[in-house]
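Student: This is the structure, below, for whatever I ask next.
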Amino acid sequence: MNKAVKTVSFIAAATMLAKVMGMLRDIILARSYGANFEIDAYMAASRIPLLFFDLTLGAAIISTFIPVFNRYLQKGEDRAASDFSNSFINLILIISGTLCVLGIVFSGALVNLIAPGYDTGVKLLTSHLLSIMLPAIVFTSLAYSFVGILQSFGEFKIPAVISLVSNTAVIAYLLFFNKYFGIYGLAVSMLAGWGLQVAVLIPSLIKKKYRYRFILNFKDKGLKDVFILALPVLISSWLQPVCVLINTIFASYFEEGSVAALELANRLYIIVVGVFVFAITNYTFPAMSKMSGRGDSDGFSDIADKSLRAMVAIIAPIMAGIMLLSNEVITIVYARGEFDERSVALTATALFFYSVGMVSFGANEILNKCFYAMKDGKTPMYSTVLGIICTVVFAFVLTKIFYLGIGGLALGASLSSVAVSGVLFYKMQRATGFLTGRKTGMFILKIIASTALGVVAAYMAKSFFAPYHIFIKTTVTAAVGALAYFAVLTALKTIPLPIPAKRSDKAK
């Protein structure tokens, strides 16, 4: 097994463990609160700091900092790289600190914006929780910046496990302290978890000889490049958080627990699809940035092509399986304590329709990284604007005209994701020419055929084992579907996991 496969495998395993811990956190959270007004308030309040970060800083850190920092390292300009990284981090601290203060001052107005359908009491609770959690913007900004530095130095393992720290903090609170401090203590534990993530990264930075200095040089060429790239990159990163915001606004007018159901379904959806997609993109993006920087178009296209093929081969059967077993999955994961049958029905409906967009979500993540590596921020920006417009239109049509409720909101988000991926595929094909021809067509047909036969086998197993315990029925159904899928892939001589390998720095 080569180094590339080992690294991606470790990242995938660490990400999987972190996602499992995140799922465990949500399971305990659902058991403790169910789908009621307190958890609605917490979900809305916890969404705002992350929304601030996603809309203003997140993509700028991940998608502009890494390419510029790598450019300095590739040229052997270590001092310039250090100056740039410190200027960048100090600027990020100033921006995130300012956002934090403004958010606390105007917390009431923010709650009215994101959850206009809440009654006065729930809005007040949401505002109080928001004031507690807003400093998470600062910790999140630092954590992402430190991760970017470590990944550029080839350190992927520590960044891959930091989510375990924050999830563990929240889980420990829910298990041992929730009965004493309630929902307010939960907000504090969430904030503490992000602070611990930053603390865990510092020893690795020291080991890599990184030294923090308080400098802020706006004349730094790298910082100027970040400014040029930042706006289109930021806008292009808005699709997922803005879609969640739009859905939260609409859902706040629905029955109690709708916001929590959407959030829990979305978290589970991100766990399932993200563990594989983010493992691939976190590893390949620095490599694609280097290849694009030195003009290695063949190497760039090879990694992009294999990344997309790997994603489709993994996500397509998972998408079908989640749709087939959405009610069973939600029941197994969340149905305990205060999480009753009504909560299960709401959340399962949202998960089913969110799952429609799994493959397109993965494609968007990979293709956006491809464009950023090519220093093209405009294409993702334009496609994201299209996606946001589609989300608003679909949300209105599917809930106000077809009355599909939270299912309509989730379906609208999925359809918007599909529209965006279509635009990105078209533009990437025009730019690079990969994923074309008979070979690609045959690969897609084989995946579709294998997935379809896997679903048929899984449906038959689900029907046969219907009288059995839900855990047995779900496990056997998933296993039968997976075995059938891989059996057909094997018969069709299709490799299901074409993991992209990092090319040598000497590659031309």
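Just so you know, all these numbers are worked out from the coordinates, no wet-lab data involved. Keep in mind that this is a model prediction, so the values were computed, not measured. For neighbour counting, all protein chains shown are included, and Cβ atoms are generated from backbone atoms with ideal geometry for every residue, glycine included.
Student: Quick one: Cα centre-to-centre distance for the stretch 72-116 and the stretch 322-365, in angstrom?
Tutor: 34
Student: Put a dot 7 Å past each Cα toward the Cβ at Thr490 and Ile215; how far apart are the dots in nm?
Tutor: 5.8
Student: Residues with amide H under 5 Å of Thr494's amide H, sequence separation 5 or more or different chain, H placed in the peptide plane at 1.01 Å from N; which?
Tutor: Placed amide hydrogens put nothing under 5 Å from Thr494.
Student: Label point 7 Å out from Asp78 along Cα-to-Cβ: which residues of the stretch 195-213 have amide N under 19 Å?
Tutor: From the stretch 195-213, the list is 203-213.
Student: Further, regarding this structure: Of Asp296, Asp40, how do they rank once you tally other Cβ atoms within 10 Å and put the fewest first?
Tutor: Details: Asp296 19, Asp40 26.
Neighbour counts put them in this order, fewest first: Asp296, Asp40.
Student: 5 Å is the cut-off here: which amide hydrogens, built 1.01 Å from N in the peptide plane, fall below it relative to Leu404, excluding neighbours closer than 5 in sequence?
Tutor: Thr399
Student: Which one, Gly58, Thr168, Ala348, is farthest towards the positive end of the dipole of the chain when Lys and Arg carry +1 and Asp and Glu -1 on their Cβ?
Tutor: Gly58
Student: How large is ³J(HN,Hα) for each residue in the stretch 217-222, as worked out from phi by the Karplus curve 6.51 cos²θ - 1.76 cosθ + 1.60 (θ = phi - 60°), to whole Hz, x for Gly and Pro?
Tutor: 9, 5, 8, 4, 4, x
Student: Taking the Cα centre of the stretch 1-237 as origin, work out the dipole magnitude from +1 charges on Lys and Arg Cβ and -1 charges on Asp and Glu Cβ, in debye rounded to 20.
Tutor: Working: 20 positive and 11 negative charges, 170 e Å.
With only Lys, Arg, Asp and Glu charged at Cβ, the dipole is about 820 debye.
Student: Counting Lys and Arg as +1 and Asp and Glu as -1, what is the net charge of the other residues whose Cβ lies under 11 Å from the Cβ of Lys19?
Tutor: +1
Student: Among the listed pairs Lys306/Lys493; Lys290/Lys493; Lys290/Lys446; Lys6/Lys208, give every one whose C-alpha distance is greater than 28 Å.
Tutor: Pairs exceeding the cut-off: Lys290/Lys493; Lys290/Lys446.
Student: Which is farthest toward the positive dipole end of the chain among Ser450, Ala363, Thr7, measuring Cα position about the Cα centre, with Cβ charges +1 (Lys, Arg) and -1 (Asp, Glu)?
Tutor: The residue sitting farthest along the positive end of the dipole is Thr7.
Student: To continue, here is another question. If Lys and Arg each add +1 and Asp and Glu each add -1, what is the summed charge of the other residues whose beta carbon sits under 12 Å from the beta carbon of Ala45?
Tutor: It works out to a net charge of -1.
Student: Hey, of (1) 46, 22, 20; (2) 44, 27, 20; (3) 33, 31, 21, which did the structure itself give for semi-axes √(5λ) of the Cα gyration tensor in Å when calculated?
Tutor: So the structure-derived entry is (3).
Student: Follow-up. Taking the Cα centre of the chain as origin, work out the dipole magnitude from +1 charges on Lys and Arg Cβ and -1 charges on Asp and Glu Cβ, in debye rounded to 20.
Tutor: Numbers: 43 positive and 25 negative charges, 399 e Å.
Magnitude of the dipole: close to 1920 debye.
Student: Then there is this: HN-Hα J couplings of the stretch 445-452 from phi, Karplus 6.51/-1.76/1.60, θ = phi - 60°, integer Hz, Gly and Pro as x?
Tutor: 4, 5, 5, 4, 4, 5, 5, 4
Student: Using the Karplus curve 6.51 cos²θ - 1.76 cosθ + 1.60 with θ = phi - 60°, work out ³J(HN,Hα) for each residue of the stretch 151-158 in order, rounded to whole Hz, and write x for Gly and Pro.
Tutor: Couplings: 5, 5, 7, x, 9, 9, 6, 4 Hz.
Student: How many angstrom lie between the C-alpha centres of the stretch 242-313 and the stretch 443-480?
Tutor: Their Cα centres are 25 Å away from one another.
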